[in-house]
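To start, the structure under review is shown below, and the notes come after it.
Nothing in this text is a laboratory measurement; each read-out follows from the coordinates by a stated rule. Just so we're clear, the structure is a prediction, and the values are computed from it rather than from any experiment. Because the Cβ atoms are built from the backbone with ideal geometry, glycine has one as well, and the counts that use them run over all protein chains shown.
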Amino acid sequence: MFYGYEKMFKLIEHLKQAIVGYIDYYNNKRIKVKLKGLSPVQYRTKSFG
């Protein structure tokens, strides 16, 4: 569902589910070298903890 992997959805619910899933991936599972190999949520949690 990200750039280069566009997909057509027959139902708006499927689109909504794909967006929610991508937001979860982007915030919780995506590893960033700039964030010392952590996901954005892990980095923020570590910064405040």
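Observations
- Hz values of 3J(HN,Hα) by residue in the range 15-30 - Karplus curve (6.51, -1.76, 1.60), Gly and Pro given as x: 5, 4, 4, 5, 5, 4, x, 5, 4, 4, 4, 4, 8, 10, 10, 6
- For the chain, calculated [θ]222 nm from helices alone, where every DSSP H run of n ≥ 4 adds -39500 (n - 2.57): -13500 deg cm²/dmol
- Between 43, 23, 9, the Cα set farthest toward the positive side of the dipole of the chain (charges on each charged residue's Cβ, about the Cα centre) is that of 43.
- Kirkwood analysis of the Cα pair distances in the chain returns a hydrodynamic radius of 12.3 Å.
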